[in-house]
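> This is the structure I want to talk about, given as structure tokens.
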Amino acid sequence: MAITIQNHTKTIASKVVGTFVEDKPVLAGFSGFFPRETALTLQVDLEVQRDNDSIAVDVRRFTEGNKNKFSIVTEKKFQPPYFREEYDFQKDEVYMSTIALGVGLENSDVNAIIAQNALKNIRKMRDKIERAIRKQQADVMMTGIVELENGDSIDYKRKSASMVDLGAGEYFTNATANPLASLKDAGTFLRDVGASSSMTLNMVMRGEGLAALLTNPKFKEEADNRRINRADVQSPEFNNVTGFAFHGQVSAGDFNINLWTYNQKYTKADASTAYYLDANKAVFIPDDFMAKTVFAGLPNMVDRQIGGQTSSMPSVTEAEFLLRAYSDMKTMSSTLEITSAPLAMPITIDRIYTAQVLA
Amino acid sequence: MSITATQRNETNNQSTVDYVRKNLFLYGARFYKGVLANNTDPEASQAATIGQLVVRDTGNAGQLELATADNLADVIGITFMNPATLADNAATVKIDYAIKGDIDGGLLSLPTNVALDTTVGNKALRDILTDLGFVIFTVQEQTKIDN
């Protein structure tokens, strides 16, 4: 006899022997390069003073010295995007499957379960925003433009020389390509233009880029050299906090380059799957790269005393995330929302190098 | 001693402003007070600002006017004032003007087609200013505007 829909009423015909609520953790990704800071303001600023890298010229003793001025300062102002995710209690699965079906009404823990379930869903909504932050960080690494849906994308004006296409002849898949020369070019840009003093670079790419690198004849030739040890590629070491996998280190020119892959993905609003990092790109980040994830002030309603009367008034809150709850006593509906205004903000904008390494 | 601000990259979510500070009088400057008149070209309004050369207004005792390419030999000082627009018909404004001191030669606002090496008689303009008591320096900028 077929199982009828009535059999799904578990108190009659079945026992739940296990549950699985899929929870996809948001790994840190590039977050280690973007430490967090909160602000109480709508906008956040970055003050920049560039250096001309000048050399002193000697002068004759007891005559005039060389006059210097430091007169140019640039202020960059940004308005971070605003995220607002809402959760309505009446759509709560616990509420629907347990309370609405009349099961467990005598169970004193049921209200706690509702609250716990709401908390779990709030955390999932927070994870959505965390993914948006990871996307912003990856945007900075790949193009220098944080893409917004309901605002003007924020362009950090990376130099075009920091985002290069190696070209068909130097794509890692090309048998005559010399990837180590391309890696050296990355280090040279970061040192000469980015003023990085780090000799260790982190090369972060997708699995496709690594596979092409490891099978490149010139790279293999370098790695196979038994008398000169400038490449040490090992089994991957996956870091389950960052989502990066470490594959070893190679040397190119003056630079030691840590090889990482980053293959984390997310689901876009249109339900399609996307990766934070493009499959055909590699980003190079020196150890002295500086950036922040800044959280701007969040609009809020706060109870204040005015003339002896308590009134709810608009205010601003300094926080990474703000949880607000509001309810309608008549309809017994209640909503929780989580808001955030994050922006991945590079400080040393010229200390990122992006190369298209595959077609 | 002025600050200019130039905005770029302005959108709904970002804006960049480049601030440039100008310090014309570097060291040991001394000043007189004066009245600057728009007699150089009475038919038109005239923009006056810090770092311009002034000469005596021979038609109005006690007043000054901006130097032109034709009277550089008569320069007596360098303006130190807030930027102002002098209307036509001999409008005046109270100013201070420097008569000596170390200056940043790159920040002077010289008359049209005039440079520090412009010949004035048997001298260059810079020699005229040196005779007044100004020591003209080339000050090297150590900062720059970038992306």
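Every read-out reported here was derived from the displayed coordinates using simple, explicitly stated rules and does not represent laboratory data. Owing to the predicted nature of the structure, the values given are computational and were not obtained by experimental measurement. Here the Cβ is made from the backbone with ideal geometry for all residues, glycine too, and neighbour counts use every protein chain on show.
> Which of rounded, prolate, oblate describes the range A:195-314, given a ≥ b ≥ c as roots of the alpha-carbon gyration tensor eigenvalues and a/c under 1.5 marking rounded, otherwise prolate only if a/b is larger than b/c? Could you put the intermediate results ahead of the total?
On the way: a/c = 4.26, a/b = 2.46, b/c = 1.73.
Verdict is prolate for the range A:195-314.
> Among B:Y97, A:Q249, A:L180, pick out the residue whose Cα is farthest towards the positive end of the charge dipole of the protein assembly as shown, where Lys and Arg carry +1 and Asp and Glu carry -1 on C-beta, about the Cα centre.
A:Q249
> So for chain A, averaging the separation of alpha carbon pairs under 8 Å that are six or more residues apart and normalising by length, what relative contact order in percent results?
Details: 643 pairs, mean separation 92.3, N = 359.
Once divided by the residue count of chain A, the mean separation gives 26 percent.
> Could you tell me what fraction of 2.2 N^0.38 Å the Cα radius of gyration of the range A:195-258 comes to, as a two-decimal ratio?
Details: Rg = 12.6 Å, N = 64, 2.2 N^0.38 = 10.7 Å.
Against the compact-globule rule of thumb, the ratio is 1.18.
> Which shape class, rounded, prolate or oblate, goes with the range B:48-90 when its Cα gyration tensor gives a ≥ b ≥ c as root eigenvalues, a/c under 1.5 marks rounded, and past that a/b bigger than b/c marks prolate?
Note, shape of the range B:48-90 comes out oblate.
> Using alpha carbons only, how many angstrom separate the centre of the range A:110-128 from the centre of the range A:271-325?
If we compute the Cα centre of each part, the gap is 20 Å.
> Name the residue from A:F62, A:G169, A:N150 whose Cα lies farthest towards the positive end of the charge dipole of the protein assembly as shown, charges +1 on Cβ of Lys and Arg and -1 on Cβ of Asp and Glu.
Selected residue: A:G169.
> Averaged over all directions, how much area does the convex hull of the C-alpha atoms of the range A:113-161 cover when projected, in nm²? Mind dumping the intermediate values first?
Working: hull surface 16.3 nm².
Hull-based average projected area comes out at 4.1 nm².
> With the dipole of the range B:39-147 worked out from charges on the C-beta (+1 for Lys and Arg, -1 for Asp and Glu) around the Cα centre, which of B:T79, B:F137, B:N60 lies farthest toward the positive end?
Going by the Cα projections, it comes out as B:F137.
> Also, quick follow-up: Which ³J(HN,Hα) values in Hz, rounded to whole numbers, follow from the phi angles of the range A:297-312 under the Karplus curve 6.51 cos²θ - 1.76 cosθ + 1.60, where θ = phi - 60° and Gly and Pro get x?
x, 10, x, 8, 10, 10, 6, 10, 8, 10, x, x, 9, 7, 9, 7
> So, in Å, what gap is there between the alpha-carbon centers of the range A:133-176 and the range A:19-42?
If we compute the Cα centre of each part, the gap is 21 Å.
> Tell me, what is a quarter of the convex hull surface for the C-alpha atoms of the range A:255-345, in nm² with one decimal? Each step should come with its number before you reach the end.
Working: hull surface 44.4 nm².
The directionally averaged projection comes out at 11.1 nm².
> Over all distinct Cα pairs, what is the inverse of the mean 1/r for the range A:119-252, reported as the Kirkwood hydrodynamic radius in Å?
Computed over the range A:119-252, the radius equals 17.5 Å.
> Let me ask you something else. What do you get for Rg/Rh of the range A:149-197 when both radii come from the Cα atoms and Rh is the Kirkwood radius? Don't skip to the end; give the middle numbers.
Working: Rg = 14.8 Å, Rh = 13.0 Å.
Reported Rg/Rh (Cα atoms, Kirkwood Rh): 1.14.
> Could you work out, residue by residue across B:136-144, how many beta carbons of other chains sit within 10 Å of that residue's beta carbon, and then give the average as an integer? Write down the numbers at each step before the final one.
Values: counts 0, 5, 2, 5, 8, 7, 11, 12, 7.
Partner-chain Cβ atoms within 10 Å, mean over residues of B:136-144: 6.
> If you filter the range B:67-147 for trypsin sites (Lys or Arg not before Pro), then keep DSSP loop positions with at most 16 other Cβ within 10 Å, what is left? Don't jump to the answer; show the numbers that get you there.
Details: sites: B:K94, B:K100, B:K123, B:R126, B:K144; in loops: B:K144.
Sites meeting the loop and neighbour criteria: B:K144.
> Using only atoms on other chains, find how many Cβ atoms lie within 10 Å of each Cβ of peptide A:157-168 and report the average.
1
> What is the magnitude of the charge dipole of the range A:215-302 about its Cα centre, with +1 placed on the Cβ of each Lys and Arg, -1 on the Cβ of each Asp and Glu, and no other charges, expressed in debye to the nearest 20?
Working: 9 positive and 10 negative charges, 30 e Å.
Once rounded to the nearest 20, the dipole reads 140 debye.
> Can you classify the range B:1-106 as rounded, prolate or oblate using the Cα gyration tensor, where a ≥ b ≥ c are the square roots of its eigenvalues, rounded means a/c under 1.5, and otherwise it's prolate if a/b beats b/c and oblate if not?
Working: a/c = 2.76, a/b = 1.59, b/c = 1.74.
Cα axes put the range B:1-106 in the oblate bin.
> Per-residue ellipticity at 222 nm for chain A, helices alone: DSSP H runs ≥ 4 residues times -39500 (n - 2.57), over residue total, nearest 500 deg cm²/dmol? Each step should come with its number before you reach the end.
Working: 5 runs with 68 residues, N = 359.
Helix-only estimate at 222 nm: -6000 deg cm²/dmol.
> Which whole-angstrom value gives the distance between the alpha carbon centres of the range B:50-82 and the range A:188-224?
That distance is 63 Å.
> Still on this model: Loop-only GluC sites (Glu not before Pro) in the range A:185-225, please: DSSP not H, G, I, E or B, and at most 12 other Cβ atoms within 10 Å.
Values: sites: A:E208, A:E221, A:E222; in loops: none.
Passing both the DSSP loop test and the Cβ count: no residue.
> If you place +1 on the Cβ of every Lys and Arg and -1 on the Cβ of every Asp and Glu, how big does the dipole about the Cα centre of chain B come out, in debye to the nearest 20? Please list the in-between numbers first.
On the way: 11 positive and 17 negative charges, 90 e Å.
Rounded to the nearest 20 debye, it is 440 debye.
> So for the protein assembly as shown, considering every pair of alpha-carbon atoms, how many percent are separated by more than 44 Å? Show your work: numbers first, answer last.
Working: 58176 of 127765 pairs.
Roughly 46 percent, once rounded to a whole number.
> Shielding of B:6-13 by partners, i.e. mean partner chain Cβ atoms within 10 Å per residue? Walk me through the numbers before you get to the answer.
Details: counts 1, 2, 2, 6, 2, 7, 6, 14.
Average per residue, whole number: 5.
> Can you tell me the dipole magnitude for the range B:27-73 around its Cα centre, using point charges on the Cβ only (Lys, Arg +1; Asp, Glu -1), in Debye to the nearest 20?
On the way: 3 positive and 5 negative charges, 72 e Å.
Around 340 debye, computed over the range B:27-73.
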